[in-house]
């Protein structure tokens, strides 16, 4: 598809990439109602024509393996039977009503996706919280961005990254911590490289990661810390700046609270102490701190390596502490900047798409917020339940216990992406009703459904997404969806109507939905009451806040250092080092960390359709330090068994000096449907951060051993075939 000659294209249209949160603009070639070519859009301000490989191969993913029609079955041991839309939705509505009548609204739950359009999020959220009276609406953003959102809210008063991509061109120090930006956000990395090349002696790049990834290639300072020790490092950096008198005392005094508590904490983290905790040279910590503290503009980027932790919120707070202490926030070239994992995880949070949220960054627990949303939705006061619902992990745990009776899963594949897959499978098998709304079948999750609903995907529906720099982009419908697939918002609308809520869900277009939602952002930090589908189509992408139809949008937040707290001051939070919930021991001596590959995306439902993208890494691998490989007699390129307290996986060894000794790495893209032992989330733990409820996917204790022929002989024939298939 990428090689189709330009002259054979019927028309070109602008769109937006459906992969990571960078939010790249696309120029899409259409021929005979099919997407046949994808290029970068030079007019999109977030990406300026740059693009990674994944969207180039989007045409490969639009036809193969699509779910075309609704299907139903009475239980999971019998084949699916094709059904009409009316029959499938009426059956789902009947069972939801029965379960709610019998067990109450807390017995049903919805699990959505950061790949939803904002309009999809809004309708599903309104239905669940406003009409079914369950706050059990969470999304896979819980697995990636919940800790960042909580960190921003606790320190600055609200979610929302304060900086913008424009700041990359102005910064002279970059702190990249817990992010393999080169592989996971390549367009951002290219822009950082360009900035580094523009002033190589002046611009400093600090990379903190136990793996020496492609990101570290441009680092002036590379800090290969022990997994889970980020807080000790960040506290030590602040300790150095405090002793070197490189803090902004005026900013601290005028615009913040509680610095004295942080000051007392970091006194216990001199570089020598942090060096022992992090397994780093103390002088390297000092150099990193001084580079940050002496910068005119310091910009921090982080992603899952920080967020996916039982202390993920504290790690975010420690990063923000550095910026508040140095005044490096709200001004050009500076700020704490979380890199969003999915294309519309930001829009989902704005629309209230997590169990503790309501639209417009409102909180379920806040009675005023509930009243405002109830009035907007036209429901009686008190209709919205006052307590947050069950988060992603809690939801599946409750289903496994028999507490959640009906699960509606849309646009995501938790039977691969969630930790501890035995728990997920138990939950889906025990639930009385599992509805899965997806563009593809079979997946590990659709495989366990009772009702399948075919969803339109990228290029087949219209709506809005928000990227990591708070920029709203309109995605037009470019082609018709195949078979009977429908947009997600339309599926939720029709389900609401089948439940009897037609008057409150009269929608015929995503533009109507967006206009209704925009009213709930008015006066909030994420105000985009000046934005409409028509304006985005006419003028192009806009950054919120954008409160009026003539407002140009806002590049960065807090330019006057007035934060979204009652008194306008930001809050420091003291943070203490706490290691991963599972440390190494004699039985499980290695720490496993997981992550993405450059040319794959999440559970490969899209990117796995492209042979070109699969070629880079066609099977699961495990990176091991040579000392660890020698210790357990593991040869490069050979199959090994990886075991944790929860399960096992098989992978091919990649022995490399680029991983820290005592640590190993595996990508998470493979699920059990592709081979039971290919799934790394057989191994991971459901331990979560107590504030964000984000799971610790980045660290668990494992053992690694060669896969000897005698061990193969002891396995069932099906397992042997599976291993050989690797």
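The values are calculated or read from the model by the stated rules, or taken from the named source; none is laboratory data. A quick note: this is a predicted structure, and the numbers were derived from the prediction, not measured. Please note: Cβ atoms are built from the backbone with ideal geometry, for glycine as well, and neighbour counts cover all protein chains shown.
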State all residues of region 536-548 that are assigned to a helix (DSSP H, G or I) and surrounded by 17 or more Cβ atoms within 10 Å (Cβ to Cβ); if no residue qualifies, say none. 536
If you check residue 551 against the conditions, is it buried (at least 16 other Cβ atoms within 10 Å of the Cβ) and over 26 Å from the mean Cα position of the chain (by Cα)? yes
On the given criteria, is residue 38 surrounded by 21 or more Cβ atoms within 10 Å (Cβ to Cβ), farther than 30 Å from residue 356 by Cα and touching a strand residue (DSSP E or B) at 6+ places or on another chain (Cβ under 6 Å)? yes
Going by the conditions given, is residue 293 in contact (Cβ under 8 Å) with a residue 40 or more places away in the chain, in contact with a helix residue (DSSP H, G or I) (Cβ under 7 Å, 6 or more places away or on another chain) and surrounded by fewer than 24 Cβ atoms within 10 Å (Cβ to Cβ)? yes
Exclusive hit being at pLDDT 95 or above and either outside the structural domain of residue 284 (by TED's automatic domain parsing) or touching a strand residue (DSSP E or B) at 6+ places or on another chain (Cβ under 8 Å) (or both), set 231, 206: 206
Listed residues 523, 608, 530; which is at pLDDT 95 or above, crowded, with 18+ Cβ neighbours inside 10 Å and closer than 27 Å to residue 467 by Cα? 530
Would you confirm, using the coordinates I've provided, whether residue 432 is closer than 30 Å to residue 164 by Cα and either touching a strand residue (DSSP E or B) at 6+ places or on another chain (Cβ under 9 Å) or surrounded by fewer than 24 Cβ atoms within 10 Å (Cβ to Cβ) (or both)? no
May I ask you to verify whether residue 369 is assigned to a helix (DSSP H, G or I), more than 13 Å from residue 109 (Cα to Cα) and either under 22 Å from the mean Cα position of the chain (by Cα) or touching a residue at least 40 places away in the same chain (Cβ under 8 Å) (or both)? no
Taking the condition surrounded by fewer than 18 Cβ atoms within 10 Å (Cβ to Cβ) and either in contact with a strand residue (DSSP E or B) (Cβ under 6 Å, 6 or more places away or on another chain) or within 20 Å of residue 649 (Cβ to Cβ) (or both), does residue 603 pass? no
Restricting attention to region 288-323, report how many residues are under 20 Å from residue 170 (Cβ atoms) and assigned to a loop (DSSP other than H, G, I, E, B). 4
In region 613-645, which residue that is touching a residue at least 60 places away in the same chain (Cβ under 8 Å) and farther than 24 Å from residue 674 by Cβ is surrounded by the most Cβ atoms within 10 Å (Cβ to Cβ)? 628
So, in region 684-695, of the ones that are part of a loop (DSSP other than H, G, I, E, B) and touching a helix residue (DSSP H, G or I) at 6+ places or on another chain (Cβ under 8 Å), which residue ends up farthest from residue 357 (Cα to Cα)? 686
Filtering region 693-716 down to residues that are within 22 Å of residue 584 (Cα to Cα) and over 33 Å from the mean Cα position of the chain (by Cα), which residue is modelled with the highest pLDDT? 706
So residue 540, is it without any contact (Cβ under 8 Å) to a residue 60 or more places away in the chain and more than 29 Å from residue 409 (Cα to Cα): no
Answer residue from region 324-348, given it is outside any helix (DSSP H, G or I) and under 14 Å from residue 17 (Cβ atoms) and is modelled with the lowest pLDDT among those: 341
Collect the residues in region 201-227 that are in a loop (DSSP other than H, G, I, E, B), within 23 Å of residue 662 (Cα to Cα) and in contact with a helix residue (DSSP H, G or I) (Cβ under 9 Å, 6 or more places away or on another chain), keeping them in residue-number order. 209, 210, 213, 224, 225, 226, 227
Flag for residue 399 being farther than 28 Å from residue 187 by Cβ and out of contact with any strand residue (DSSP E or B) (no Cβ under 7 Å at 6 or more places or on another chain): no
Name the residues in region 480-508 that are under 27 Å from the mean Cα position of the chain (by Cα) and surrounded by fewer than 17 Cβ atoms within 10 Å (Cβ to Cβ), would you? none
Just checking: which of the helices (runs of 4 or more DSSP H) contained wholly in region 44-103 hold 3 or more residues that are at pLDDT 95 or above? 53-56, 85-103
Per-region count, region 647-683, residues part of a loop (DSSP other than H, G, I, E, B) and buried (at least 19 other Cβ atoms within 10 Å of the Cβ): 8
Given 93, 87, 107, 124, which one is touching a residue at least 40 places away in the same chain (Cβ under 8 Å) and not assigned by TED's automatic domain parsing to the domain that holds residue 457? 93
Looking at the structure I just gave you, is residue 629 assigned by TED's automatic domain parsing to the domain that holds residue 699 and touching a strand residue (DSSP E or B) at 6+ places or on another chain (Cβ under 9 Å)? yes
Would you confirm, using the coordinates I've provided, whether residue 511 is touching a residue at least 40 places away in the same chain (Cβ under 8 Å), under 24 Å from residue 133 (Cα atoms), touching a helix residue (DSSP H, G or I) at 6+ places or on another chain (Cβ under 7 Å) and surrounded by fewer than 21 Cβ atoms within 10 Å (Cβ to Cβ)? no
Let me confirm something: among 568, 540, 519, which residue is at positive phi and touching a helix residue (DSSP H, G or I) at 6+ places or on another chain (Cβ under 9 Å)? 568
Scope region 574-596; condition farther than 18 Å from residue 115 by Cβ and surrounded by fewer than 21 Cβ atoms within 10 Å (Cβ to Cβ); matching residues: 574, 576, 578, 579, 581, 583, 584, 585, 586, 587, 588, 589
What number goes with the only condition from (1) in contact (Cβ under 8 Å) with a residue 60 or more places away in the chain; (2) farther than 18 Å from residue 495 by Cα; (3) not assigned by TED's automatic domain parsing to the domain that holds residue 404 that residue 77 does not pass? (1)
